[in-house]
Structure formats: C-alpha cells, structure tokens
2 protein chains.
Amino acid sequence: MTPQKIMTDDRVAALHETALHVLEDLGIKITHQGARDLLVKNGAVIDGDMVRLGREMVEDAIATAPKSMVLKAINPDRDLTLDQNSLIFTPSGGCPNVYDRLRGRRPGDAESYTEMAKLVQSFDVLHKMPVAPEPQDIPLHERHIFTNLIQMTYGDKPLGHYARGQAQTDQNFEMICHGLNLSDDAFKSNIWSSTVINSNSPRLLDDTMAQGLMDYARYQQLTIITPFCLSGAMAPITTEGALVLSHAEALAGITLTQMTNAGAPIAYGSFSSNVDMKSGSPAFGTPEHVRLQIGAGQLARHIGIPWRAAAGSASNATDAQGAAENLMGIWGAIQAGANIILHSTGWLEGGLTVGFEKTITDLEQIQSMAELCQKMEQVELQSVFDDIASVQPGGHFFDTAETMARFAEAFYPPLVADLSNHGTWQDHGGLTAEERATTIWQDCLENYTRPQHSAEIEDRLMPLVDRLKSQGGAAPLT
Amino acid sequence: MTPQKIMTDDRVAALHETALHVLEDLGIKITHQGARDLLVKNGAVIDGDMVRLGREMVEDAIATAPKSMVLKAINPDRDLTLDQNSLIFTPSGGCPNVYDRLRGRRPGDAESYTEMAKLVQSFDVLHKMPVAPEPQDIPLHERHIFTNLIQMTYGDKPLGHYARGQAQTDQNFEMICHGLNLSDDAFKSNIWSSTVINSNSPRLLDDTMAQGLMDYARYQQLTIITPFCLSGAMAPITTEGALVLSHAEALAGITLTQMTNAGAPIAYGSFSSNVDMKSGSPAFGTPEHVRLQIGAGQLARHIGIPWRAAAGSASNATDAQGAAENLMGIWGAIQAGANIILHSTGWLEGGLTVGFEKTITDLEQIQSMAELCQKMEQVELQSVFDDIASVQPGGHFFDTAETMARFAEAFYPPLVADLSNHGTWQDHGGLTAEERATTIWQDCLENYTRPQHSAEIEDRLMPLVDRLKSQGGAAPLT
C-alpha cells in the first residue's frame, strides 16, 4: 500500500529543520559520561550534562546509517530484510504481567515466558522471538540468560534482547556466538540481536539507554531507537509538536550510534500517542496515535531510514475495545508505511500485561493484514468472462471450474473468527472470541514442537549457561 | 486520505471493458416486463427475459448520472453532499432481529426500531436515519408507514426507505411531501429519500428491485445500486472475477435508472466479500473483503460516480471478533475512497441482527475515523520550539502554555473505551466494553430529546397516516 500523508513534503522538511534546531540550540541531556565524551569529540557542545548537537553531526549520522539490513535468524529461512519496503510484525514487549482466562492476571514468570516463546514460534506472521512477559521469578542478574536461552532453544526466529548494561549484553552476545557456533567476526558481520532503546522524553537519554546504544553499535547489532512521546504529557500536545520532539530524540540516538561506529545498524523508531485526558493514562489506537504514526512515517522517509511503529491496546480486557485499539494501530502503522510493527499482538493495559487470548485475537488481525498486503492474483479476463458465462442468472459459483481450481487456497482461513450462524454458534456453547482463543493457545502449546537444531543448540549452550550463572550472571545497569 | 489501489489504471479499464462485454454478450435477466420494454426501447436486445445491453447505452447512462448531489435532511444543517469527496456513515440496515444484553436476541419490533432511531439521532457521526431493525410486530402493509413516521418524527437527518413496490414508495413520498410541506416540484427537485437496490447476483434483477429503480428514478430520488456479490458463492472466486460481475450488475442498474429518467441520482454500490469456506456463511472484514472494496473504489472512480461500500460483522457477539471485522471494513472502505459506508455500526451475524451494544462499540470506531479524517491543525513551528524549550529534560508538558490553550479540545474523547489502570478498572466492576456499552445506550435513550419541529411534523402527518392505514396501507411487491 502507498503510505498516507498528513503533511506536505515541505512541511515534513520544516519539521525536520525544527528538530535540528532543537538539538542544536536546546540540546539533549545525556547522563552517560562516555557518551558525552564521544559526542564532544565529534563536535558536540556541552554544558554540564546538556549536549548540543550540530546539524552536520546529525546529517553525517543519517548518511552513514544503513538503509537496508538483514536480521539473521537461527533458521536462515526466517532471516528478515529490514528496509523501507519491509513489513515485520513482532509480539508484545515490555510487559511485567501476564493474563490468561484460566490462570488470571499475575506477574510474568519463567513458565509464561516459555509458553509465550512457544506461541510466537508457532505463528509465521510473528517474525521475531518475544521479550515478554518479564519472568519475574528469575532473579534480575540471571534473567537475560534465561530469556536468551529460551529464545534460542524454543524458536528459530530473529532474537530480541533488552540492553540493560554492557555486562548483560556481552553475556547475551557470548551465548549467541557459542550457541550458534559463530566466530566474533561472523557475529559482527551480521545482525543477530536487536534491542529497543527508549529515550526518556522529553530530551533525556539515561545511562542504560546510552550504554545500550553504544554497545549495540560497537557490535554492529540493531538498535531500534524509539522515543515514547505521549502528547500532552511527555511531549507537546499538538501533533506537530510531538513529532518534532520525537524526531529530535530519535536523531540524537542515531547520532550517538553512528559516532560510536559509523554504519552501525539502526531503525528509526516512533511510539507516540496521546494521554487520556480523563485518566492520565496512555491511549492507543486513537486518531492522535494514527496521525502521529503517519507523521513519523513521513519523517522517517524524509531521512530515508527504515522505521518502526507500534500498535497495542490500553484495554483491561480482551474485548471490543482492545480489538479496536490494536487494529487501529496496525492499520495506522501500515498506512504510515512502517517497516516493523512492535507490540502487534497481546498488549493489554498499555503494555503492563500481555494476554494469551489477546495474542490470539490480535494474531487474526495481523494475519489478515499480512494476507491483504500480498500481491493480488491477476487472472485471464477471458476466463473471468467464461466463468461468469458458465453460471445461469440467479445460480451459484460453488462448482465452476475456476472455483474448483482455487477453493482450497482462495481465502484467508480464520484463526479465531467463528462465522457459523446463530443456532450453530449457540449449539457450540455461544463462546466469545476471547473464550475460543483459550482453546487455541492451549492447542498451540500442546502441539508445539521444538524447531530443528534446538536440542543441539541447547547442548552447546548449557555449559556456558551454567558457567555464566555460577559467575553470578550480570546485574542490570540501573 | 488518498485511496489505495490493488490494480493499475489500465487493469481497471480492462475490468470495466470485460463488464461491458458481459452485459453486451451475456446480458442480465430482468423479470420485470416494464423494465425490459424500456430497455428495448433504448436499444437493448432481449431473448426471453435475458436483456443484453450495448456499451453505448451503458456509456450514455454513466454520462447522464449526476456526479454530485445533495441529500436533504429535515434539519438543513444536516443536509449531506454526496460526491467523490464525501464520507458518509450510515447505521445497520436489513436486520430482522435485534439484540441487547438486557433483553436478549429477539425479532425486531416497533419498540426497538424506535429506540434505534433515537440512538442514531443522538450521534452526529451517523449521517442518516436507520431502516433497521425490522419492526416485525407491525404488519407488512403498514410497516413502511410506521418506519417513515418514526424517522420523520424522532430524527432530523436524511431519510432512508426500502423500495418494496410502487404503492409503498408512493405512500412514503406522499408522507414526506405532506409532513415537510413540500410541493411535488419541491420534492422532485431535491433528494428526500434514498434506497438501496440489491441485484440478485449473479446477473438477475427481480421485479421488486427493477420497480424500485424505476420508481426512484422517476421521482428523482436516490438509489444506491449495490450487487451483493459473495466471492465463491454468488460471484466468481477470484477478486477480479467478483469485481467484474459486481461492476456489470451495477452498470445494468445504473442504465435502467438513466433510461427511466436521465439525470436521476444514483450511487454506485459494491458489497462484495467472500464466503467462509468452512461454514458457507458470508464473511466480513476479511482480506478479500478489503481487496474487493479497494477494487470497487477504483472501478467507481473509473466511471466517475460517487460510491458506497459497507462494513459489518459476521460475529454472533459484541466481542473482539465483531470489533475487528467491522473496523477492517471501515478502514478498508476509507482506504478504498468510499463516499458512503453502510452498516458502519451495529451489524452482528452478517446483518441478521442489529446489536445495541454493538452499535455503541462501532460508534467509537467511526467517531475515531471521522476525527482522523479531519484536517490536522498546523501550528507555528516557532511556538513548537518554544514549547519544547519551556520544559526541562525529563519534565512534562502538562501545564505548558500550548497545553493549557488546547487541552480541552486536543484529543478525541472516548465514548466507550476505558483507559483507567487495572486497579481502578476492577474497582469499577471490571466491565468489558460490551458491558459498559449497555449503560451508554440506556443513558442515550434516557437523555434523548426529540428534534425541533418533530411535534409539528407529527401533527401534520398523523391524519395522513390514519388515512393511509384505514385504506389498508400498501402491500409490498414480492
């Protein structure tokens, strides 16, 4: 689909200029000494921990940032190209809690994280392994080891990690090299890990995030640099104002990566929505959210860098609200020309909880959108004519030659939608989509089989895992 | 938004040619003698009740069909322009049953029809009065009188009617003239009624529909000519095949109206989706539905005529499935450049039931889309800069000058979405969107007030209504 616009190209350029002006004249606060030093060495001006970035530095960074890259997967068939033509869906991230109808809402734990990894692995439309729910029963200093191990041994898709300090990142990367039998060079010459770096809007990059940007840049791994700008709260109340702030922060992050290592892979991120004026909570799937997505897409294309958007829902339940919020975000992201859509399944409560049923009902949405984005089959118009001619007025096409040749593959087969009539639906218990989704995730987990090579990778990894744990893992940088 | 395309312009022209070829070489079955005679007089070739339409007739009809028109409302502030830039939302049509959480699923009746009229009148985003649910407790020969009376005395938006034979249509139009104090000429020189005419796909136009097309054309009222083509059932299984059939049938209907009365107002209609291969039921909000919407939009623009699409859901419940199906159809229609979107709220069970709660949750969707389609406010970039400058890094924008100036109107205020956090949500009963919607429609009905002039119109109408009823109303043409 052709991306929509909310602004003229001239206006996009003017917003970009204003963001450069913000970075040059107001600057961004960077608490990380090493990051500040690096930027100063490259021409930034500092005043305490405020760093002002000249437009030339920023333009250099935009120039060296790669415009196309490959995210490697354990299974090479699942390698992902990330460029301005990509459409990559990823599952919920950042969720401390988990919910399903059978066990209720609870803190994320090792069991639910493992189950989510199995679920995500089971659906091709989800292109990356999950980072949520947070397995809170695993101590913080070992949690990265656990989630990485699960991703690598229960799935074969591209991996994702939190960047919570250099020590954890080093251990994550060591596990990848060891588990996949990669030399340091082989690791660095491809993207094996991606992470999301959120600035602390407005205009603040904290130690952990700056460290993550630099660590990932140094190892040539992918950072998705994403200000989380809530219009009316951490960002200006106007759409254009929020876009300028978000753009400025993303550019600052990009600049830090490229000054660390010119050519390091990055994606331009935007996750801007509005705050709900009634509750003060973040809102998702609102008109403002979609408008900000479309504007961010225009800015990303202005600088020519692949970009990420996000869907998600604020709903507390897997209901009509939650479905509409997520689907608004999915459609908005696609109309905005997003290349990678985070939180495309499962988010409840603005990301505080990932839902198992919500994951299933949202999967239907992204499967439908993925199908819609496929190229339409073009048919011979003579055979269209013949097909129509072969059916008498008032008749049906159930068994024409064209139908018989295509019916098995013609239409998207629903995952959770039940299209039976009211009587049949009632005879089957009159279940809502949420209730049916429970059976679906249960079946998925029951029928899950580990991918090829998982056992082999696990055998290679376990001694390393034991060693890392016996060394105390690594505490997160806080 | 700029309409999307699934085909090149050349391909659209080729599909149009194929449809002309279908009409010219295969023809369409028209059971109505008068319609056949009229078409023959204008050059059609008949063989029994098969009518073959030459391309010149069709092209003449496209040329005389108006490209822009005004749908009059009782309240002139609610007059609607229908052209290729319009975006008009209308509520559920065609539903025999009604559902709400308090009273359950039941046949539509006078009470629920009246309540639906009040609900629809209460929301500006719904642009026309409803024709559903069907008030089944009113005998068929009086039902048109009842629904027309309710529309005219409980609302002030443009009216809609079923065309179920000339006698009923005449009585409907007589009521409008009498109730609104219009001369015959004043009535005919404006559009006061619109109706939907569905062909009986494939390639069949029955007596009632042909009669409706001619009646409405003669009185210069609006017909929305809409083949209901289910791909794989009443239409070819391929997207392009279904588009060709639907287009041919729409063109046949348009031709009949223009041969009846050149310049009679019409809209090009399309309501094509796929059949569910598992249940045989119509599916809505599927990738195929959206693709057919986008293709129909391209064909409509090819012939330059404003066009209608439809949303709707097959779900049996006001749940995540129903929400996603409807929103897919709404987004699809808007991306297809539709000018009028029918069934944009309330459809359950593929239209067999209209839901009160479903109407409310779908209203949130179309209110959001309507808001999104508003032009974005452009702000001074200097004031954006100043706003950002006024907040320290890590601070907030809750009380900046820009925020204070705008916060009351800045964001779309949710109708049914609850964005409170999990604890607050639970404290308020942990209600789903569907459950909250019950309170909303109840409040709407409780706070409903009849529009200005309603009593006056009712006073004028009641003697006519009594007379029409005492004459036995009018039986529908079957």
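Bear in mind these aren't lab numbers, they're just calculated from the coordinates by the rules spelled out. Computed from a predicted model, the values in this text were never measured in an experiment. Glycine gets a Cβ as well: all are built from the backbone with ideal geometry, and neighbour counts include every protein chain shown.
Over all directions, what mean area does the Cα convex hull of segment B:120-269 project, stated in square nanometres?
Details: hull surface 39.3 nm².
Hull-based average projected area comes out at 9.8 nm².
Kirkwood analysis of the Cα pair distances in segment B:1-107 returns a hydrodynamic radius of 18.4 Å. Under a 5 Å amide H cut-off, with hydrogens placed 1.01 Å from N, A:VAL51 pairs with A:ILE28, A:LYS29, A:ILE30 among residues at least 5 apart or on other chains.
For A:TRP307, A:TRP441, what ranking results if the residue with the fewest other Cβ atoms within 10 Å of its Cβ goes first? Walk me through the numbers before you get to the answer.
Working: A:TRP307 28, A:TRP441 24.
Listing A:TRP307, A:TRP441 from fewest to most nearby Cβ atoms yields A:TRP441, A:TRP307.
Computed from the Cβ-Cβ distance with R0 of 51 Å, the FRET efficiency linking A:SER390 to B:ARG106 stands at 0.75.
What FRET efficiency comes out for A:VAL40 versus B:GLN374 if R0 is 56 angstrom and r is the Cβ-Cβ distance? Round to the nearest 0.05. Walk me through the numbers before you get to the answer.
On the way: r = 45 Å, r/R0 = 0.80.
Once rounded, the FRET efficiency stands at 0.80.
Using helices alone, I'd like the mean residue ellipticity at 222 nm for chain B: each DSSP H run of four-plus residues gives -39500 (n - 2.57), total over residue count, nearest 500. Before the final figure, lay out each step's value.
Numbers: 17 runs with 216 residues, N = 478.
Result for chain B, helices only: -14000 deg cm²/dmol.
Partner aspartates and glutamates whose Cα lies under 12 Å from the Cα of A:LYS29, excluding those fewer than 8 positions away in the same chain, are identified as A:ASP47, A:ASP49, A:ASP206, A:ASP207, A:GLU249.
Hey, what D do you get for the protein assembly as shown in µm²/s if you plug the Kirkwood alpha-carbon radius into Stokes-Einstein at 20 °C and 1.002 mPa s? Using the Kirkwood radius from Cα pairs, D works out to 73 µm²/s.
Distances, shortest first, from the label point of B:PRO139 to those at the same position in the other copies read 8.5 nm; the point lies 7 Å along Cα to C-beta.
The same position B:ASP466 in the other copies lies at 9.7 nm from this copy, comparing label points 7 Å beyond Cα toward the beta-carbon, shortest first.
Say the cut-off is 24 Å between C-alpha atoms; which of B:LYS67/B:LYS157; A:LYS5/B:LYS72; A:LYS5/A:LYS72; A:LYS67/B:LYS5; A:LYS375/B:LYS358 go over it? Intermediate results must be reported in sequence, preceding the final value.
Values: B:LYS67/B:LYS157 22 Å; A:LYS5/B:LYS72 33 Å; A:LYS5/A:LYS72 32 Å; A:LYS67/B:LYS5 26 Å; A:LYS375/B:LYS358 33 Å.
In this structure, A:LYS5/B:LYS72; A:LYS5/A:LYS72; A:LYS67/B:LYS5; A:LYS375/B:LYS358 exceed 24 Å between Cα atoms.
Could you compute the FRET efficiency for A:ASP79 and A:THR439, with r as their C-beta to C-beta distance and R0 at 35 Å, rounded to 0.05? Spell out each step's value before the answer.
Working: r = 33 Å, r/R0 = 0.94.
About 0.60, to the nearest 0.05.
Distances from B:THR424 to itself in the other copies, using label points 7 Å out along the Cα-Cβ axis, amount to 4.4 nm in increasing order.
Per residue, the convex hull spanned by the alpha carbons of chain B comes to 173 Å³.
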